[in-house]
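Working notes, structure below.
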Amino acid sequence: MTGIVAYETVIGLECHVELATQTKMFCGCRNEFGAPANTNVCPVCLGHPGTLPVPNEKAIEYTIKIGLALDCRIAPHSLFHRKNYFYPDMPKNFQISQYDLPLCVDGHLDVQVDGRTRRVGITRVHLEEDTGKTTHAGATGRIAGADYALEDYNRAGVPLVEVVSEPDMRSAEEARAYLIELRATLEALGVSDVRMEEGSLRCDANVSVRPVGHADLGTKVEVKNLNSVRSLYRALRYEEERHRAALEAGEKLIQETRHWDENRGVTTHGRSKEYAFDYRYFPEPDLSPIEPDGEWIDQLRAELPELPAAKRGRLSARYGTLTIDQAGRLAVSPVLAGFFEEAVALGTTPMYAANVLTQDVAALINELGTTLDEGELRPQHQRDLDRLVSEGSLSSTAAKAALAEAFATGASIEEIVEAKGLRQVSDTGALEAVIDEVIAENPGPAGQFRSGKEGAINALVGQVMKKTRGSANPSVAADLLRRRLSA
Amino acid sequence: MSELCDLGAHELARRLRQGEASAADVAESALRRVGELDERLHTFLRVTPDLARLEAARVDERLAAGGELPAVAGIPLALKDVLTTKGVRTTAGSKILEPYVPPYDCTPWSRLEAAGAVLVGKTNCDEFAMGSSNENSAYGPVRNPWNLDTVPGGSSGGSAAAVAAGEAVWALGTDTGGSVRQPASLCGVVGLKPTYGRVSRYGLIAFASSLDHVGTFTRDVRDAATLLSAIAGHDPMDATSLPDPPADFTEGMDAGVRGLRVGVVEDWLSMEGIQPGVAAAVRSTIDRMDALGASVETASLPHADYALSAYYLIAPAECSSNLARFDGVRYGLRVDGEAVDVAEMNARTRGAGFGDEVKRRIMLGTYSLSAGYYDAYYGQAQKVRTLVIRDYQAAFERFDVLVAPTSPTTAFRLGERTEDPLAMYLSDIFTIPSNLSGTPAISIPCGLAPDGLPVGFQVMGRLGDEATVLRAAYALEQDLGFAAQPPLLGDLVHR
């Protein structure tokens, strides 16, 4: 029997979130990224004999907040367990984690995909400690063939939350939307730096493919080393195709862990899951159960900020001119959304503010490798730019230049426009001499226009802009050119 | 004996304050005793004379300056080598920690040091506190000062023997299944295991976290109460430490036993295998309690029979995880050999660094926590533990204290049980239940058996009720007037 079989992808994500607490999970060492190796360490987080863990209450609070934001049930009785395995980046050779009694269970996160809402179940949110970092040194820089390994224990004992989703996503797009929404939620809560490039947000994907209509899941592969939203998306697209091709060719897939290679754009075999690790979990005898009382949970619930989904709904309802997409792009970042609302409150047109923030400012931040709050741009700048552009005193090109300058220096738009001579010339008298010059110097396009080629006007406008160094109002220049050439 | 180091801490404290002796005199007396005996006893793994003299000199300065001194100031102390001491090598009796110098002090010692205690040294013990005879020390056994051919008990054998022999006036040990009370019994001194959480475990090199307790060795009950008072109280570095602030445990200890409801664990006294001399000494002590006005009746702990089995599943399970950190990566022994990768280095280090008993328990514990076996072993043992706890709760509704022998026998001969781990494990059959329940218990010497060796009498109390345990023990001690000393000390005088 032949025929076209439709396939369905099934994806679940396990995300690790480093909490932005002042100190580590079980000791008083500072929790910071980028300190010199082995400077934020003490006998406790180095696993010296005789030391004991003392839980960080703030980390428990943050975990509960994450659980509440994801509509989880907060367990009235939860336990830390020991997960036993040997690895030199783990000083005690066991990790204090949670096992069958995690802090938060049975939640969900609603994400937007192509304008539709998709609900992704959250299996659990639990709290554990991070490991140190191993660097394999010597010949190749890879594990195989390394001469020696270096350990940095600054990260050992940093509070780490694991958010495990149900296998509810059906495409790479949905997984991407989930990760973006989760990151936005965590950022809104202020519980983590959520910087994937620094490892404060890490994500592993479980993916399988099955023919549509089959109840049983296909062979599951776990993909690791996904260091950005883009990596997640690309890796899932790659795996989806790989599975589909294998199924179509009648090949057997194996259950395994695969490593995403960002440069080559492929996944490679990591380790087979045929031999499962036995972690010998048992309740951590050095710690008491976590039993948060209802009053505390209510208080934490009351402290929750506006979450991205609510923000998205509110922005698009309140500023009716925004598209769903624009509202969504603003809502994923509390900083961006706050900036937007402040700019609008100052009198900026919502549409203008949203466009500039989601396009020009986003491009600028991307280019400079910085963040909005690290720059000097203020909502007042946006309002002033909006005013000058709508008055016709500033071309969109000039506005971009002024924006970049304001972002870098914080100077007022007025000052920037004056200092750089960016003001747009709409005064026809001042432009007429330039117009004449341009027509004289460009007989080709001028002739083409005269013989009926309307499009040739653009080349001439471009020359006018060039001669005036962008300060001419292009529509005024076009009108003048037309008038002169038709005369 | 007339040496300073043979006196009790309370008498020494009096003499220091009266100017009858200096802290330096007291320290020298203990150090001299160590010099005379330690080659034969092998009590200490490390003697710290320089530190002891420095600390004693500081106490003398404080005495000269006048003013109040803590009760422990100037009193020579020994610490079991599983308790960390900053800058002083701490090996836990194991080769794997032979070069290890801790970067921090355990909480009990940091409290004592601040109060002016004088450290004589670190005492020998079974490797990682696993043993009942001190024969599992990687550095050779301790000998019992009552008879050099017998063991001092374990695992805190060095601390018990040091106090019995006057090498220290008092000492700290640890008790996971009886490791303070059993050697105290075998060496004729007082051994106190307080309530779980009473004394911080921070700096106690863990064997089995849920069962480990820091305890005291002293020559009398008053000193036990004094030393406990100095080390007890909440510690923010130990999440299982009780919230109670420090207290004075000597308060009310002389109130006597009239009207006290005493439960005798008869099943233990009539158990097959108990040495007749031990049973006789314990029974006659129980008669004394009756004579002193206590109300004495038979008590039962029906699940105590299973306590030993449960203990030998729970303790090894926790130990298999606690001892995983000794891998040659960060501190202690590292054996590279021809190792090609870190896993092999770990294996070589652990293979060379751990002794047989430690390896046996790591393997037992690893097995009992493994997938497919957890419920049948570790899980089942935890259920038994709950039953033992309930037994105690039920018994303490009827009684204020329970009494029993500490150990089924007096000190046994070196080598007698080393080939038979199960026989060795039975040494702790009467002490283990109190570790499972976390309740306080004390062993006091109650006389000598016909073999001339001391017998320990155990008093067990309610959770958090050290006061009643100490009160009962103190009343008995006053009544019994046990004053025998190890014959070895007599030899010293007549030499």
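The values are calculated or read from the model by the stated rules, or taken from the named source; none is laboratory data. Nothing here was measured: the structure is a model prediction, and the numbers come from that model. Here the Cβ is made from the backbone with ideal geometry for all residues, glycine too, and neighbour counts use every protein chain on show.
Remarks
- Condition met for B:Leu364 (at pLDDT 95 or above, away from every other protein chain (no Cβ under 11 Å) and touching a helix residue (DSSP H, G or I) at 6+ places or on another chain (Cβ under 6 Å)): yes
- A single entry from B:Asp105, B:Asp126 fulfils the requirement of being of a type in the set (Asp, Glu), within 29 Å of B:Arg53 (Cα to Cα) and surrounded by 24 or more Cβ atoms within 10 Å (Cβ to Cβ): B:Asp126.
- Residues in segment A:163-214 that are within 23 Å of A:Thr257 (Cβ to Cβ), assigned to a helix (DSSP H, G or I) and either of a type in the set (A, V, I, L, M, F, W, C) or touching a strand residue (DSSP E or B) at 6+ places or on another chain (Cβ under 8 Å) (or both): A:Ala172, A:Glu174, A:Ala175, A:Tyr178, A:Leu179, A:Leu182, A:Met196.
- When residues of segment B:46-92 are limited to those that are basic (Lys, Arg) and away from every other protein chain (no Cβ under 14 Å), the one nearest to B:Val118 (Cα to Cα): B:Arg53
- Per the listing A:Glu8, A:Glu61, the residue uniquely surrounded by fewer than 21 Cβ atoms within 10 Å (Cβ to Cβ), in contact with a strand residue (DSSP E or B) (Cβ under 7 Å, 6 or more places away or on another chain), over 14 Å from A:Ala156 (Cα atoms) and more than 14 Å from every other protein chain (Cβ to nearest Cβ) is A:Glu8.
- Residues within segment A:375-418 that are of a type in the set (A, V, I, L, M), outside any helix (DSSP H, G or I) and within 13 Å of A:Thr348 (Cβ to Cβ), tallied: 1
- Residues considered: A:Val344, A:Val332. Of these, the only one that is outside the structural domain of A:Leu79 (by TED's automatic domain parsing), modelled with pLDDT under 90 and out of contact with any Leu (no Cβ under 9 Å at 6 or more places or on another chain) is A:Val332.
- Failed criterion for A:Lys24 (all others in (1) charged (D, E, K, R); (2) at positive phi; (3) buried (at least 23 other Cβ atoms within 10 Å of the Cβ) hold): (2)
- Flag for A:Gly392 being touching a residue at least 24 places away in the same chain (Cβ under 8 Å) and under 23 Å from A:Val476 (Cβ atoms): yes
- When segment B:467-491 is filtered for residues that are among the hydrophobic types (A, V, I, L, M, F, W, C) and modelled with pLDDT of 95 or more, the ones remaining, listed by number, are B:Ala467, B:Val469, B:Leu470, B:Ala472, B:Ala473, B:Ala475, B:Leu476, B:Leu480.
- Residue in segment A:137-161 that is nearest to A:Lys65 (Cα to Cα), counting only those that are in a strand (DSSP E or B) and either at pLDDT below 85 or in contact with a His (Cβ under 6 Å, 6 or more places away or on another chain) (or both): A:Leu160
- Options B:Val358, B:Val384: the member that is more than 25 Å from A:Asp100 (Cβ to Cβ), outside any loop (DSSP other than H, G, I, E, B), more than 12 Å from every other protein chain (Cβ to nearest Cβ) and touching a residue at least 24 places away in the same chain (Cβ under 8 Å): B:Val358
- Of all the numbered requirements in (1) within 48 Å of the chain's Cα centre (by Cα); (2) farther than 12 Å from A:Ala477 by Cβ; (3) surrounded by 15 or more Cβ atoms within 10 Å (Cβ to Cβ), A:Leu460 misses one, and that requirement is (2).
- Which numbered condition A:Thr117 misses (of (1) modelled with pLDDT under 95; (2) within 14 Å of chain B (Cβ to nearest Cβ)): (2)
- Of all residues in segment B:187-222 being more than 13 Å from every other protein chain (Cβ to nearest Cβ) and either among the polar types (S, T, N, Q) or over 29 Å from B:Asp6 (Cα atoms) (or both), the one that is surrounded by the most Cβ atoms within 10 Å (Cβ to Cβ): B:Thr216
- Elements of the type helices (runs of 4 or more DSSP H) sitting completely within segment B:244-322 and holding at least 2 residues that are touching a residue at least 60 places away in the same chain (Cβ under 8 Å) and touching a Phe, Trp or Tyr at 6+ places or on another chain (Cβ under 7 Å): these cover B:276-291, B:307-322.
- Residue within segment B:465-484 that is within 21 Å of B:Ala411 (Cβ to Cβ), crowded, with 22+ Cβ neighbours inside 10 Å, touching a residue at least 24 places away in the same chain (Cβ under 8 Å) and among the hydroxyl-bearing types (Ser, Thr, Tyr) present: no
- Yes/no for B:Thr43 being closer than 25 Å to B:Met130 by Cβ, in contact (Cβ under 8 Å) with a residue 12 or more places away in the chain, crowded, with 19+ Cβ neighbours inside 10 Å and more than 14 Å from chain A (Cβ to nearest Cβ): yes
- Restricting segment A:81-94 to residues that are outside any strand (DSSP E or B) and touching a residue at least 60 places away in the same chain (Cβ under 8 Å), the residue that is farthest from A:Arg124 (Cα to Cα): A:Pro88
- Residue in segment B:109-119 that is aliphatic (A, V, I, L, M), within 14 Å of another protein chain (Cβ to nearest Cβ) and either outside any helix (DSSP H, G or I) or touching an Asp or Glu at 6+ places or on another chain (Cβ under 9 Å) (or both) present: no
- Any hit, segment B:252-259, residues being within 14 Å of another protein chain (Cβ to nearest Cβ) and not charged (D, E, K, R): no
- Test: residue in segment A:95-105 that is in a strand (DSSP E or B), hydroxyl-bearing (Ser, Thr, Tyr) and either touching a Ser or Thr at 6+ places or on another chain (Cβ under 8 Å) or in the same structural domain as A:Gly313 (by TED's automatic domain parsing) (or both): no
- Breaking point among (1) in contact (Cβ under 8 Å) with a residue 40 or more places away in the chain; (2) of a type in the set (D, E, K, R); (3) closer than 23 Å to A:Phe86 by Cα, for A:Glu166: (3)
- One residue from B:Ser94, B:Ser133, B:Ser110 being among the hydroxyl-bearing types (Ser, Thr, Tyr) and closer than 19 Å to B:Val189 by Cβ: B:Ser133
- Scanning segment B:171-199 for residues that are β-branched (Val, Ile, Thr) and either modelled with pLDDT under 95 or not in a strand (DSSP E or B) (or both) yields B:Thr176, B:Val180, B:Val189, B:Thr195.
- Members of segment B:324-353 found to be free of Cβ contacts under 8 Å to residues at least 40 places away in the same chain and facing chain A (nearest Cβ under 8 Å), listed by number: B:Ala324, B:Arg325, B:Asp327, B:Val329, B:Arg330, B:Val342, B:Ala343, B:Asn346
- Residue ranges of helices (runs of 4 or more DSSP H) in segment A:255-370 with at least 1 members buried (at least 19 other Cβ atoms within 10 Å of the Cβ) and polar (S, T, N, Q): A:308-318, A:324-331
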